[in-house]
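Written out below as structure tokens is the structure these notes cover.
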Amino acid sequence: MSKDVSARLTAASGPAGSRIAAFGAARGDLSVPNSELIEAIDSSDEWIRQRTGIVTRSRASKDLTVTELARRASVQAMERAEITPAEIDAVLVATITFPYQTPAMAPLLAHELGIKDAAAYDLSAACAGFCYGIGQADALVRSGVARNVLVVGADKMSDFIDPTDRSISFLMGDGAGAAIVTGSETAKIGPTRWGSDGSNWRAIRMTGSLLDVRGCSGPAWPTLEQDGRTVFRWAVWHTADIVRQTLAKSGLTLADVDVFVPHQANMRIINELVKQLKLSDDTVVARDIETTGNTSAASVPLAVDRLLCEGRAKSGDVCVLIGFGAGLAYAAQVVVLP
Ligand SMILES: CC(C)(COP(=O)(O)OP(=O)(O)OC[C@H]1O[C@@H](n2cnc3c(N)ncnc32)[C@H](O)[C@@H]1OP(=O)(O)O)[C@@H](O)C(=O)NCCC(=O)NCCS
């Protein structure tokens with residue numbers, strides 16, 4: 001007969017709210033202008049600027065790995081939050097470009113940071129990955145499962161891009177952004193509005209699977225490709241509503257928003273969102289894409305960090321984050337900036 005332990009079994013419980021204590025950022029060490037990419041895709045600087053708003057993108061040299069980018073961003077976030085490795089209970093890495101199917105990057109990153117005995121796992125939600133991670137970290141902290149969580153969005157997209165693929169090569173950059181999520185007496189991270197649309201699973205995809213590579217008939221190395229128009233239309237049809245739903249879930253309105261940080265996918269998508277949401281001129285909007293490109297899971301934290309470093313956003317500002325991309329997966333939340 002099984003024992004009834006319900007009177008003794010203790011459920012985890014945590015603080016009433018959570019907050020982001022600090023961000024950290026690491027961009028690729030190279031700045032690659034459009035002119036360096038156009039020949040391979042029969043394009044032009046003017047076409048890329050007009051269609052995407054990208055002038056140059058950050059890329060990492062061959063020896064600067066995605067894990068090293070993640071480490072640099074994490075060290076900065078931990079230093080700014082004045083938190084020691086021993087205080088971190090969980091490491092969540094959002095990435096689609098760690099070059100091993102298994103093990104995950106997170107345990108290796110934790111080890112390199114001197115974080116011992118922490119839960120460590122990767123999550124694959126592409127450009128939505130960082131916002132998925134913040135949603136998970138918020139829940140882990142408030143439930144008492146973890147005191148402090150390191151959330152990292154890290155992607156070295158150039159490792160998985162075919163320079164001759166004109167559907168995507170010119171969009172992508174390399175970088176990592178990190179955040180420390182910790183407990184708070186009041187909510188400084190609102191409820192995450194997340195979801196997915198698997199009917200568009202193939203809109204952004206690999207050219208083949210790892211099993212295809214194993215055989216002799218498949219591609220030499222699967223790279224990323226996309227139906228840009230499908231993704232573009234999906235984004236302009238759905239993301240404004242997701243932002244409105246996120247604010248409603250948080251008990252706030254657009255008038256409360258000081259800073260808007262959408263995924264840095266395309267300047268035209270960002271401008272369209274600003275128009276649809278009728279954001280006031282006072283709202284600070286992240287437009288990091290112009291010089292960083294689309295860095296997938298790193299895009300949102302890199303854009304926030306830049307606004308904070310440039311003084312365009314400040315501690316205490318109410319900020320809406322939204323990530324969306326391959327899956328199609330999306331996630332958004334309101335955060336009060338550290
Ligand atoms: C990829 C993207 C920039 C393409 O822009 P677009 O305005 O949709 O362009 P289209 O695909 O409709 O093509 C328009 C024209 O440009 C041409 N074209 C396509 N890619 C080109 C390139 N790289 N260089 C030059 N011309 C190109 C097309 O052949 C087409 O020519 P046509 O009018 O003579 O037929 C845009 O769709 C996009 O950014 N989508 C979102 C993708 C995204 O963010 N993905 C990342 C994951 S979040």
What residue, of 239, 186, 253, is free of Cβ contacts under 8 Å to residues at least 40 places away in the same chain and either within 22 Å of residue 332 (Cβ to Cβ) or acidic (Asp, Glu) (or both)?
253
Out of all the residues in the range 269-279, is one or more in a loop (DSSP other than H, G, I, E, B) and closer than 27 Å to residue 109 by Cα?
no
Among the residues of the range 110-123, which ones are in a helix (DSSP H, G or I), surrounded by fewer than 18 Cβ atoms within 10 Å (Cβ to Cβ) and either in contact (Cβ under 8 Å) with a residue 12 or more places away in the chain or of a type in the set (Lys, Arg) (or both)?
112
Which pairs do you get when a residue that is under 15 Å from residue 137 (Cβ atoms) and assigned by TED's automatic domain parsing to the domain that holds residue 249, found in the range 312-338, comes within reach of a residue that is part of a loop (DSSP other than H, G, I, E, B) and within 16 Å of the ligand (Cβ to nearest atom), reach meaning Cβ atoms under 6 angstrom, with the pair 6+ apart or on two chains?
323/263
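The values are calculated or read from the model by the stated rules, or taken from the named source; none is laboratory data. This is a predicted model, so every value here is computed, not measured. Positions of Cβ are generated from backbone atoms using ideal geometry, with glycine treated the same way; all protein chains shown enter the neighbour counts.
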